[in-house]
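Comments concern the structure below.
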Ligand SMILES: Cc1cc2nc3c(=O)[nH]c(=O)nc-3n(C[C@H](O)[C@H](O)[C@H](O)COP(=O)(O)O)c2cc1C
């Protein structure tokens with residue numbers, strides 16, 4: 001697949017087939033994340049792949065929100081990947097302070113997208129989730145108190161056709177040479 005075609009084919013998949021995802025496919029997605037760039041090559045991430053059905057169901061329930069109405073597709077997704085922030089290396093920490101910018105969060109966003117793009121190559125669908133009960137997820141997955149779970153990525157074989165992309169026109173999102 002051409003790269004732009006791959007990018008076009010990634011979409012937030014919110015319905016999944018009842019079909020297990022092969023671990024070698026998951027690991028190629030994680031390899032894509034491992035190779036992602038990061039500030040000062042800090043690699044401030046750890047991925048917890050939840051593919052055990054009963055544990056996955058418990059984590060999925062923590063993404064539904066107080067009314068139980070959000071992110072219900074996680075209940076059908078066979079895999080959830082918790083993206084955990086690790087302490088960045090000293091140069092990245094110093095840079096973040098000096099430049100007043102949380103580089104580690106940018107790093108994690110890039111790594112998450114690498115996972116989602118490799119997933120397309122594998123015939124899988126994903127959705128990045130920022131809405132979940134972090135404290136409950138940490139408890140379920142034995143994440144140390146000092147680490148945060150920044151994102152969860154749902155993954156599985158799509159049970160839906162790709163949604164049309166809704167995006168601002170290119171002309172609205174860039175300029176040459178001046179803002
Ligand atoms: C940081 C982040 C958090 C997100 N959180 C959620 C979420 O909690 N639930 C959800 O259904 N989609 C979530 N999304 C998916 C976005 O809604 C989606 O990427 C956006 O609408 C564009 O659609 P597309 O991914 O299909 O191109 C999130 C995406 C990002 C990058």
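Derivation of every value follows stated rules applied to the coordinates shown; laboratory data play no part. As the structure is a prediction and not an experimental result, all values here were calculated from the model. Please note: Cβ atoms are built from the backbone with ideal geometry, for glycine as well, and neighbour counts cover all protein chains shown.
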Query - Sites residue 141 and residue 7, calculated FRET efficiency, Cβ-Cβ separation with R0 41 Å, nearest 0.05 - result: 0.85
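Once the Cβ-Cβ distance between residue 27 and residue 178 is put in as r, and R0 is 41 Å, what FRET efficiency do you end up with, to the nearest 0.05? Numbers along the way, then the final one.
Values: r = 45 Å, r/R0 = 1.09.
About 0.40, to the nearest 0.05.
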Report summary line: Here the FRET efficiency for residue 54 versus residue 17, based on Cβ atoms and R0 = 22 Å and rounded to 0.05, is 0.70
Query raised in the report: Once label points are set 7 Å from the Cα along Cα→Cβ at both residue 69 and residue 128, what is their separation, rounded to one decimal in nm?
Result: 2.6
Report summary line: Looks like the range 102-179, by Cα gyration tensor root eigenvalues a ≥ b ≥ c and the a/c under 1.5 rounded cutoff (else prolate when a/b is bigger than b/c, oblate otherwise), is oblate
**Report entry** Whether the range 77-134 is rounded, prolate or oblate, judged on the alpha carbon gyration tensor where a/c under 1.5 counts as rounded
**Finding:** prolate
Query raised in the report: What ranking do 150, 31 get, fewest neighbouring Cβ atoms within 10 angstrom at the top?
Result: 31, 150
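Can you sort 132, 3, 47 by how many other beta carbons sit within 10 Å, fewest first? It would help to have the intermediate numbers written out before the result.
Details: 132 23, 3 8, 47 17.
Going from sparsest to densest Cβ surroundings: 3, 47, 132.
Rounded, prolate or oblate: which fits the range 45-179 when a ≥ b ≥ c are the square roots of the eigenvalues of the alpha-carbon gyration tensor, with rounded for a/c under 1.5 and prolate only if a/b beats b/c? Each step should come with its number before you reach the end.
On the way: a/c = 1.97, a/b = 1.15, b/c = 1.71.
Judged from the Cα gyration tensor, the range 45-179 comes out oblate (a/c at least 1.5, b/c at or above a/b).
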Query raised in the report: What residue among 27, 134, 122 has the largest mean-square fluctuation in a Gaussian network model of the chain, using Cα springs under 10 Å?
Result: 27
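Only helical DSSP H runs with n ≥ 4 go in: add -39500 (n - 2.57) per run for the chain, normalise by residue count and round the 222 nm mean residue ellipticity to 500 deg cm²/dmol. Walk me through the numbers before you get to the answer.
Details: 7 runs with 68 residues, N = 179.
My calculation for the chain gives -11000 deg cm²/dmol from helical runs alone.
Under the definition of Cα pairs under 8 Å and six or more residues apart, what whole-number percent is the relative contact order of the chain?
Details: 284 pairs, mean separation 62.0, N = 179.
Value for the chain: 35 percent.
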Query raised in the report: Separation of the range 130-179 and the range 23-41 by C-alpha centroid, Å?
Result: 16
Query raised in the report: Within the range 38-70, what residues put their amide N at less than 17 Å from the label point 7 Å along the Cα-to-Cβ vector of residue 97?
Result: 40
